[in-house]
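This report concerns only the one structure given below.
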Amino acid sequence: MTTPRRAGTTTSARRAGAGWFAAWLARPLASFHLVVAIAVLLTVLGLVMVLSASSVESYAVGKSAYSLFIQQGMFALFGTILFYIALRIPMRLMRQLSFPVFALSVVLLVLVLIPGIGTEVQGSRRWFDLGVVAVQPSEIAKVTLVVWGAHLLASRQTEKAGYKDILMPLVPAGLLVCFLVVLEPNLSTTIALGIVLSALLWFGGLPLRMFVTIAVSGAVAAGILALSAGYRSDRMRAFFSPGDDPQGIGYQARQALYSLADGGIWGRGLGQSRAKWSYLPNAHNDFIFAIIGEELGFLGCALVLGLFALFVYTGLRIATRSVDPFIRLLTAAATTWITGQALINVGYVVGLLPVTGLQLPLVSAGGSSLAITLFMFGIIANAARHEPEAVAALQAGEDGRFSRLLRLPVPEMYSPARAQAARARNKPKPKAKPKSGVKAAPQRRALPPSGRGRGGYDAPSRRSIDSDTARRTSRSTESWRSTRAWEPSYSTKHDRDRGHSR
């Protein structure tokens with residue numbers, strides 16, 4: 001009779017635990033705490049694994065076993081500062097600075113290609129050597145493209161623009177950035193930028209037919225780039241014929257599989273990897289997931305994948321719960337970019353994809369990537385604090401110990417009416433009426449509103465594009481110049497809105 005009681009007790013405990021977790025998720029700041037926890041766990045795990053994977057090779061070349069770990073730790077500290085700065089940036093200021101900062105990142109991509117300014121390492125000119133650290137402008141371009149693209153498309157949504165206004169000028173600007181990165185050359189970052197651009201177009205509401213056309217064109221372009229250079233074509237050949245050159249171009253991928261197989265379920269133990277003894281090249285960077293599998297086993301790999309799965313849930317949760325179109329697009333696109341990069345890294349480590357060189361976010365060694373990714377996590381955490389329930393709780397003083405400790409500002413509640421008023425102020429004046437006898441040019445009609453858009457939020461001007469009737473209608477009256485993409489449509493509180501007067 002004791003066994004049924006124990007089984008019933010276990011079932012009750014599980015239900016109580018599930019109920020507690022569901023109640024915790026219903027708290028106003030649950031999304032914010034999840035983003036912070038995921039960022040901390042992945043960063044700490046990355047520091048530990050970088051120390052384990054790089055210590056042997058660092059010592060073998062005459063350096064300290066802790067040299068690369070100390071460098072990674074310094075960038076983690078710098079990334080933490082960027083994370084905090086991102087938490088404090090108001091959303092309206094982020095939108096104001098989105099285009100100037102994006103333009104600056106394009107200028108940096110041009111400057112890094114100039115000999116004497118950019119530093120060339122192993123045939124690629126992609127770094128600025130600042131003496132103490134080296135900075136990759138292509139990593140900065142990822143964030144600036146996400147923020148400016150989200151601002152641009154959010155402005156289009158509120159104006160009920162057509163699909164041409166979705167593509168212009170976002171796609172030409174994105175292709176320009178990709179072209180500059182290809183010239184470095186850096187195919188892995190080009191793929192990441194392609195993911196960012198695709199995510200913006202998808203969540204921005206581009207019609208499925210056009211999205212598939214652009215995706216196929218991008219895949220063909222990526223295939224051509226992959227076969228255009230010697231080292232890239234060798235990687236493709238090693239992927240499709242792994243047994244042709246096992247000690248040459250296929251050596252790294254085979255050693256990664258051996259490391260994963262050697263780890264088993266439980267792993268060999270932290271610091272006990274055999275592959276890091278110069279058997280697996282770039283064990284601390286591109287193939288750190290293989291070292292995780294060898295030392296921590298299948299359970300360690302499942303932990304990493306589980307954290308990224310939780311990040312996907314949290315990012316899309318923030319996007320669907322937010323009422324600001326800019327925050328929806330920003331969070332959804334950033335979540336897709338980081339998760340897509342992680343899946344590509346894991347995919348080529350386990351042999352499902354060709355080796356591209358994309359790093360595992362927050363885990364692989366790489367100072368610029370770590371700092372910029374932490375900054376992006378800070379922006380997502382800032383977006384989580386702008387959920388309607390979170391704003392109401394913070395304005396009521398329920399900010400918790402963590403927010404009070406960081407002295408974070410209280411976010412403003414998004415108001416469509418104030419946003420509409422701000423767009424009306426930024427809207428250009430109408431042109432003068434034509435003289436008598438001169439036929440006026442017909443005005444293009446905006447697309448009719450309908451339904452809910454991708455990501456679970458209302459996109460009245462987007463979903464109508466998919467219908468045959470809407471495709472036959474005219475496009476929006478606003479061109480990309482009249483929208484003035486470099487100016488924010490986010491509302492700004494004035495003194496009279498607060499009940500004060502000067």
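Here are the numbers for this structure:
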item: Å³ per residue enclosed by the Cα convex hull of the stretch 267-416; result: 137
item: Pairwise FRET efficiency - residue 257 versus residue 404, Cβ, R0 = 41 Å, nearest 0.05; result: 0.25
item: Whole-Hz couplings from phi, Karplus 6.51/-1.76/1.60, listed for the stretch 297-309; x for Gly and Pro; result: x, 4, 5, x, 5, 5, 5, 4, 5, x, 5, 5, 5
item: Neighbourhood charge, 14 Å Cβ-Cβ cut-off, centred on residue 373 and excluding it, Lys, Arg +1 and Asp, Glu -1; result: 0
item: Environment charge of residue 258, counting only residues whose C-beta is closer than 13 Å and scoring Lys/Arg +1, Asp/Glu -1; result: +2
item: Extension gain, residue 221 back to residue 14 (0.36 nm per residue minus Cα-Cα distance, nm); result: 69.5 nm
item: Extension reserve of the residue 128-residue 241 stretch, reckoned as 0.36 nm per residue once the Cα distance is removed; result: 37.0 nm
item: Nonlocal amide H pairs with residue 127, under 5 Å, H built at 1.01 Å; result: 119
item: Order of exposure, largest accessible area first, which applies to 151, 386, 33 with probe 1.4 Å; result: 33, 386, 151
item: Vicinal HN-Hα couplings computed from phi for the stretch 191-199 (Karplus, 6.51 cos²θ - 1.76 cosθ + 1.60; Hz; Gly/Pro x); result: 5, 4, 5, x, 5, 4, 5, 5, 5
item: Heavy-atom accessible area ranking, 1.4 Å probe, most first, across 164, 142; result: 164, 142
item: Added length on full extension, which subtracts the Cα-Cα distance from 0.36 nm per residue, residue 277 to residue 208; result: 20.0 nm
item: Paramagnetic reach from residue 77 (point 7 Å along Cα→Cβ, amide N under 15 Å) across the stretch 361-391; result: 371
item: For residue 111, solvent-accessible area (1.4 Å; no DNA, RNA or ligand), Å²; result: 60
item: Pairwise FRET efficiency - residue 119 versus residue 299, Cβ, R0 = 56 Å, nearest 0.05; result: 0.90
item: Mean Cα-pair separation over length for the stretch 37-156, i.e. relative contact order, pairs under 8 Å, 6 or more apart, %; result: 17
item: Accessible heavy-atom area order of 57, 387, 398, highest first, probe of 1.4 Å; result: 398, 57, 387
item: Neighbour net charge for residue 318 - beta-carbon separation under 9 angstrom, K R +1, D E -1; result: +2
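The values are calculated or read from the model by the stated rules, or taken from the named source; none is laboratory data. What you see is a predicted model; the values in this text were computed from it and never measured. Here Cβ is always computed from backbone atoms with ideal geometry, including for glycine, and neighbour counts include all displayed protein chains. Accessible surface areas use protein heavy atoms only, side chains included; no ligands, DNA or RNA. Shrake-Rupley method; radii C 1.70, N 1.55, O 1.52, S 1.80 Å.
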